[in-house]
Every structure is written in structure tokens, then in C-alpha cells.
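Notes follow the structure.
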Amino acid sequence: MIKFIVDEQPTEKGVHLIHNGDIGCEALPKYDDQILIGYFADFELAYKRARMNWPREKVEGCSCCKP
């Protein structure tokens, strides 16, 4: 299972990025700005959970982390 997190701080466009917490992405937010989505088999499942948890927020996969 892969650890997925979302950045609490949105980008300039108002998007919260989803990161794979296991690969050491360079764009990974500071620890205090990380919100754990959970542990999932793939990005699509993590994205669905993020949309359920934050239906009014824009969420996308980090371009470095998303397969």
C-alpha cells in the first residue's frame, strides 16, 4: 500500500496537490502542511477518497508523483 497525502496549502490556482508520500517527491509539502489521505493501492483510489473528503476543493495529482 502507498501512503498518499494532500497539501493543505493550495497552489496559486487554488488546487490542493495529492502526493505519493513514499517516493520522496521534491515538491512534497512541509510536514505541518501535509494531510494524510490514507494508504491505497494506487493513485485513483487516493484521488477518489480526497474528492469524498474535500468535495468543494480542487484536488489534482502532483506532476512528479502521479503515474
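A short reminder: the numbers here are calculations on the coordinates, not readings from a lab. As the structure is a computational prediction, the values presented were derived from the model and not from experiment. Positions of Cβ are generated from backbone atoms using ideal geometry, with glycine treated the same way; all protein chains shown enter the neighbour counts.
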Low-density loop cleavage sites - trypsin sites (Lys or Arg not before Pro) in the chain, where at most 11 other Cβ are within 10 Å (DSSP):
K13, K30, R56
For q = 0.19 Å⁻¹, Debye-computed log10 I/I(0) when each Cα of the chain counts as one equal scatterer
-0.62
Order of 15-21, 35-41 by packing, highest average Cβ count within 10 Å first?
15-21, 35-41
If each residue of separation counts as 0.36 nm, what is the full-extension length gain between K30 and K58 once their alpha-carbon separation is subtracted?
8.1 nm
